[in-house]
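Take a look at this one; I'll ask things after.
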Amino acid sequence: EPEVTQTPSHQVTQMGQEVILRCVPISNHLYFYWYRQILGQKVEFLVSFYNNEISEKSEIFDDQFSVERPDGSNFTLKIRSTKLEDSAMYFCASMRDRGVNEQFFGPGTRLTVL
Amino acid sequence: AQSVTQPDIHITVSEGASLELRCNYSYGATPYLFWYVQSPGQGLQLLLKYFSGDTLVQGIKGFEAEFKRSQSSFNLRKPSVHWSDAAEYFCAVGGLGNNLFFGTGTRLTVIP
């Protein structure tokens, strides 16, 4: 069964460093999402992406964040200058189309900022 | 404003007992409702979803949920819990093709 994959599973970085989290959505899916979950808290929406552009973003998704679909298969989340409060589990999700309206989630990348 | 409330942070049940996890939502348009399960260190797995039609929906692993528009609720139920059901359960609401709003989750502990 097709699934969303994410790499790395765990990333440790120093405050102020740039990180790129990678996701490979399910191949025939058209809508892509990033969510994050700070330890012990709820899952929060960051950004959605469709047709090579951001379709919606939350207040969390400020100028330090960017997303890209560089090669038609990968979907990346970049944090330009990490802060301690960026430590969280980051989930990628993809959806085939709006009619199906079911998002499939990857296993997540745990980001630890020291 | 969109929001999801899961009033129970932690529930403990005995194996074989019935289970009900509560979820209340607030959403400005037609809600699409979901229950996800997260095992430790794992991602989110969809248990079931409600879009329209029959208000009682069946999901995987023997779970079901009932949509009650008048109460803005979408409670998850299972008649007989198994030890493998121990996990974190998240209720979520969204629109058609829109991002999801999640509740804070309910941690389920199953005792033998």
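Restricting the calculation to Cα positions, tell me the Rg (one decimal) and the Dmax (whole number) of region A:5-99 in Å.
12.9, 42
In vacuo Debye scattering of region A:46-114, one point per C-alpha: log10 I(q)/I(0) at q = 0.15, 0.27, 0.28 Å⁻¹?
-0.54, -1.50, -1.54
Count neighbours as other Cβ atoms within 10 Å of each site's Cβ, and list the trypsin sites (Lys or Arg not before Pro) in region A:80-114 that are DSSP loop with at most 14 such neighbours. Walk me through the numbers on the way to the answer.
Details: sites: A:R80, A:K83, A:R96, A:R98, A:R110; in loops: A:R80, A:K83, A:R96, A:R98.
Of the trypsin sites (Lys or Arg not before Pro), the ones in loops of region A:80-114 whose Cβ has at most 14 other Cβ atoms within 10 Å are A:R80, A:K83, A:R98.
Roughly how many nanometres apart are two label points built 7 Å out from the Cα toward the Cβ at B:A17 and B:E64?
Output for this residue pair reads 2.1 nm.
On the accessible surface of chain B, probed at 1.4 Å, how many percent belong to carbon and sulfur atoms? Could the numbers behind the result be given before it?
Values: 2580 of 5160 Å².
Carbon with sulfur: 50 percent of the solvent-accessible area.
If r is the Cβ-Cβ distance from B:D54 to A:I54 and R0 is 25 Å, what FRET efficiency results, to the nearest 0.05? Walk me through the numbers before you get to the answer.
Numbers: r = 36 Å, r/R0 = 1.43.
For R0 = 25 Å, the calculated efficiency reads 0.10.
I would also like to ask the following. With a 1.4 Å probe on protein heavy atoms only, tell me which residues of region B:17-64 lose at least 50 Å² of accessible surface in the complex relative to the chain by itself.
So the qualifying set is B:L44.
Pop the C-beta distance of B:S39 and A:E102 into the FRET formula with R0 = 22 Å and round what comes out to the nearest 0.05.
Details: r = 19 Å, r/R0 = 0.88.
In this case the efficiency is close to 0.70.
Could I ask something else about it? Hey, with R₀ at 45 Å, roughly what FRET efficiency would B:T30 and A:Q64 work out to, going by the Cβ-Cβ distance, to 0.05? All intermediate terms of the calculation are to be shown ahead of the outcome.
Details: r = 34 Å, r/R0 = 0.76.
Calculated value: 0.85.
Pop out the carbon and sulfur fraction of the accessible area of region A:1-109 as a percent, whole number, probe 1.4 Å.
Numbers: 2480 of 5550 Å².
With neighbouring chains kept in place, the figure for region A:1-109 is 45 percent.
Tell me the Kirkwood hydrodynamic radius of the protein assembly as shown in angstroms, computed as one over the mean inverse distance between distinct C-alpha pairs.
Working: mean 1/r = 0.0553 Å⁻¹.
One decimal place: 18.1 Å for the Kirkwood radius.
Give me the distance in nm between label points sitting 7 Å out from Cα along the Cα-to-Cβ direction at A:I38 and A:E1, one decimal.
Computed distance between label sites A:I38 and A:E1 equals 3.3 nm.
What percentages, rounded to whole numbers, describe P(r) for region B:3-111 computed over all alpha carbon pairs with 10 Å bin width beginning at zero?
16, 51, 28, 5
For region A:1-112, give the magnitude of the charge dipole about the Cα centre (Cβ charges: +1 Lys/Arg, -1 Asp/Glu; no others), in debye to the nearest 20. Let's see the in-between values first.
Details: 11 positive and 15 negative charges, 36 e Å.
With Lys and Arg at +1 and Asp and Glu at -1, about 180 debye.
Compute for chains A and B the buried accessible surface, both sides summed, probe 1.4 Å, and express it in Å² to the nearest 100. Spell out each step's value before the answer.
Numbers: alone 6620 and 5990 Å², together 10950 Å².
So the buried area, both faces added, is about 1700 Å².
Still on this structure: Name the residue, out of A:L30, A:L46, A:L21, whose mean-square fluctuation peaks in a Gaussian network model built on chain A with Cα pairs under 10 Å.
Its mean-square fluctuation being the largest, the pick is A:L30.
Please go through region A:1-72 and write out the GluC sites (Glu not before Pro) that DSSP classes as loop and that have at most 14 other C-beta atoms within 10 Å. Walk me through the intermediate numbers first.
Details: sites: A:E3, A:E18, A:E44, A:E53, A:E56, A:E59, A:E68; in loops: A:E3, A:E18, A:E59.
Answer by residue number: A:E3, A:E18, A:E59.
In this model, which of A:K57/B:K61; A:K78/B:K49; A:K57/A:K78 are farther than 22 Å apart at the alpha-carbon? Walk me through the numbers on the way to the answer.
Details: A:K57/B:K61 33 Å; A:K78/B:K49 31 Å; A:K57/A:K78 14 Å.
Listed pairs above 22 Å: A:K57/B:K61; A:K78/B:K49.
If I model a spin label at A:Q14 and A:K78 as a point 7 Å from the Cα along the Cα→Cβ vector, what separation in nanometres do I get?
Spacing of the two 7 Å Cα→Cβ label points: 2.1 nm.
Now for a different question. Using a 1.4 angstrom probe, figure out how much accessible area the protein assembly as shown has per residue, in square angstrom, rounded to the nearest whole. Spell out each step's value before the answer.
Numbers: 10950 Å² over 226 residues.
About 48 Å² of surface per residue is accessible.
Also, I was wondering about something else. For chain A, modelled as a Gaussian network with Cα springs under 10 Å, which listed residue fluctuates most, A:K78, A:K57, A:K42?
Judging by the Gaussian network model, the answer is A:K42.
Determine the dipole magnitude for the protein assembly as shown: charges of +1 sit on the beta-carbon of Lys and Arg, -1 on that of Asp and Glu, nothing else is charged, the reference point is the Cα centre, and the result goes in debye to the nearest 20.
Charge dipole of the protein assembly as shown: 180 debye, to the nearest 20.
Let me ask you something else. Under the definition of Cα pairs under 8 Å and six or more residues apart, what whole-number percent is the relative contact order of chain B?
Numbers: 279 pairs, mean separation 42.6, N = 112.
Relative contact order comes out at 38 percent.
The values are calculated or read from the model by the stated rules, or taken from the named source; none is laboratory data. A quick note: this is a predicted structure, and the numbers were derived from the prediction, not measured. Note that each Cβ is placed from the backbone with ideal geometry, even for glycine, and that neighbours are counted across all protein chains shown. All accessible areas refer to the heavy atoms of the entire protein, side chains included, with ligands and DNA or RNA removed. Shrake-Rupley method; radii C 1.70, N 1.55, O 1.52, S 1.80 Å.
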